[in-house]
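Student: Before we start, here is the structure in question, set down as structure tokens.
The values are calculated or read from the model by the stated rules, or taken from the named source; none is laboratory data. The model shown is predicted, which means the values in this text are computed figures rather than measured ones. Quick reminder, even Gly has a Cβ in these numbers, built from the backbone with ideal geometry, and neighbours come from all protein chains shown. Surface accessibility is based on the protein's heavy atoms, side chains included, excluding ligands, DNA and RNA. Shrake-Rupley method; radii C 1.70, N 1.55, O 1.52, S 1.80 Å.
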Amino acid sequence: MLFRSEMRGWWLQEMVITPSPLTEKMVLFWHNHFVSSQQKVRQPQYLYRQNLLLREHALGNFGAFLHAMARDPAMVIYLDSASNRKGQPNENFAREVMELFTLGEGHYTEHDVKEAARAFTGWSIDPASGAFQFRSGAHDNGFKTVLGNSGNLDGDTVLNILLAHPQTAEFIVGKLWREFVSPTPDAAEVRRIASVFRDSGYNIREALRALLMSDAFYAPSNRAVLVKSPVDLVVGTLRQFQFSVGDAPPFALVVAQLGQNLFSPPNVKGWPGGEAWITSTTLLGRKQFLERLFAAQDRRPAVMTEAMAPAARAPVARMQQRLQRSLAEAHFDAERWTRESGHAPERVVLATAPQLALPGGTDGIEIVRRLTQDPAYQLK
């Protein structure tokens, strides 16, 4: 349990110090797409290796990525591929690779799932090394039909069939749209960007370039329509205000308390995101975190309340203590930040106009405190 806590801290640290924030954002995006969780994958080393795999492919080729994830030991365990064998097919991976990883609901049949499950029989792991292993004796070599393609199909062939389907590119671009642009994708624009994605041979960078250069991404109507995730809020605040943080890993505990426990999405569909991030409890926790973070600038002790920190179980208690110190020691140079931002603070801090009026004469760190407590700060 402690090692898992430290692993979350390691990832949070990477997010805070990375010179490539887009890469880290995409690692998190794919973690919520190709879901695996410590709730079922008990070996932390498997989830760590999977995180490295997400990092390797985050901005690479989606086709190669899909093939690699299908063989990833954490995925093999999480979706029960290891128990998928000839005569007793387990349909979990076959179903999720269609519904959640490529096509989306409504673009395949139950027959496709059953046939695809047969194609993936024999995909397992070597318990000694923890590496992927194909067990030929457990593989079904019979005739199969998936999405109208027939033959002695194996797992790789099925993945290629899914990649050849036009819906796969549209499904991925739709998810990217909901992450970067708005909760409701524009169908015509999604089709256009998906065409770019397919024509590039599934180059993720090309899909992102087309999305982030689209008129929709810059449209005023799409500002402040997305809710910040706990990672967006915590890591984004530390980076946006250039906080000097001596010990970043404990902030993973804040992220978890706000509903986004790294390496532990709630189910195979991942975190739902959007308005689901905001409840009466998490909204209070968000505001308390920001209050404590900026209160440290007055050298006041950062004392956590019950709303922010439920009773700590033994494996987490040490991280709680580290978090207390990290909040107290975090330093924000308000004068330097204001000088270097070059704009009125509200234009830099908020995605839309403040919802609460700023009192006259407010300046320096006090204006930043008020802006980060404004409801608009919860949006991006």
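Student: Would you calculate the separation in nanometres between label points at residue 160 and residue 223, each defined as 7 Å from the Cα along the Cα-to-beta-carbon direction?
Tutor: 4.8 nm
Student: Something else about it: Given R₀ = 30 Å, FRET efficiency for residue 143-residue 67 by Cβ-Cβ distance, to 0.05? Let's see the in-between values first.
Tutor: Working: r = 23 Å, r/R0 = 0.77.
The computed FRET efficiency comes out at 0.85.
Student: Okay, moving on. For an R0 of 51 angstrom, estimate the FRET efficiency from the Cβ-Cβ distance between residue 281 and residue 195 and round to the nearest 0.05. Intermediate results must be reported in sequence, preceding the final value.
Tutor: Working: r = 43 Å, r/R0 = 0.84.
The value I calculate is 0.75.
Student: For the chain, with all protein chains present and a 1.4 Å probe, just round the carbon and sulfur fraction of the accessible area to a whole percent. Walk me through the numbers before you get to the answer.
Tutor: Numbers: 8820 of 16850 Å².
It is 52 percent, rounded to a whole number.
Student: Hey, what do the phi angles of region 319-333 turn into as Karplus ³J(HN,Hα) couplings, whole Hz, using 6.51/-1.76/1.60 and θ = phi - 60°, x for Gly and Pro?
Tutor: Per-residue couplings from phi come out as 5, 4, 5, 5, 5, 4, 5, 4, 5, 6, 8, 4, 10, 10, 8 Hz.
Student: Turning to a different aspect of this structure: Can you give the longest run of the chain that contains no GluC sites (Glu not before Pro) sitting in a DSSP loop with at most 16 other Cβ atoms inside 10 Å? The partial results should precede the final answer.
Tutor: Values: sites that count: 105, 306.
Within the chain, the longest run free of exposed GluC sites (Glu not before Pro) spans 106-305.
Student: Sticking with this structure for a sec: At each listed q (0.20 Å⁻¹), what is the log10 of I(q)/I(0) that the Debye formula gives for region 184-246 modelled as equal alpha-carbon point scatterers?
Tutor: -0.89
Student: Ranked by accessible surface with a 1.4 Å probe, highest first, in what order do 22, 53 come? Spell out each step's value before the answer.
Tutor: On the way: 22 70, 53 30 Å².
Final ranking, largest accessible area leading: 22, 53.
Student: Also, quick follow-up: When the chain is fully extended, how far beyond the present Cα-Cα distance does residue 355 get from residue 184, taking 0.36 nm per residue of separation?
Tutor: Numbers: separation 171, 0.36 × 171 = 61.56 nm, distance 2.37 nm.
Length gained, residue 355 through residue 184: 59.2 nm.
Student: Which residues' amide hydrogens lie under 5 Å from the amide hydrogen of residue 133, considering only partners 5 or more residues apart or on another chain, with H built in the peptide plane?
Tutor: 124, 125, 126
Student: Can you give the FRET efficiency for residue 242 and residue 126, using 1/(1 + (r/R0)^6), R0 = 51 Å, r = Cβ-Cβ distance, to the nearest 0.05?
Tutor: Details: r = 46 Å, r/R0 = 0.90.
It comes to 0.65.
Student: How large is ³J(HN,Hα), in whole Hz, for each residue of region 14-28 in order, when computed from phi with the Karplus curve 6.51 cos²θ - 1.76 cosθ + 1.60 and θ = phi - 60°, using x for Gly and Pro?
Tutor: Rounded to whole hertz, the list is 4, 5, 6, 9, 4, x, 10, x, 5, 4, 5, 5, 6, 4, 5.
Student: For the chain, what relative contact order do you get, as a whole percent, if you take Cα pairs closer than 8 Å and at least 6 residues apart?
Tutor: Values: 523 pairs, mean separation 62.7, N = 380.
With pairs under 8 Å counted, the relative contact order is 16 percent.
Student: Okay, next question. Label 7 Å along Cα→Cβ of residue 363; region 323-338 residues with amide nitrogen under 18 Å?
Tutor: 333-338, by backbone N distance to the label point.
Student: Rounded, prolate or oblate: pick one for region 59-116, where a ≥ b ≥ c are the square roots of the eigenvalues of its C-alpha gyration tensor, a/c under 1.5 means rounded, and failing that, prolate if a/b is larger than b/c, else oblate. Don't jump to the answer; show the numbers that get you there.
Tutor: On the way: a/c = 2.33, a/b = 1.16, b/c = 2.01.
Verdict is oblate for region 59-116.
Student: Output needed: percent of Cα pairs per 20 Å distance bin for the chain, bins running from 0 to the one holding the longest distance.
Tutor: Calculated P(r), rounded to whole percents: 26, 52, 20, 2.
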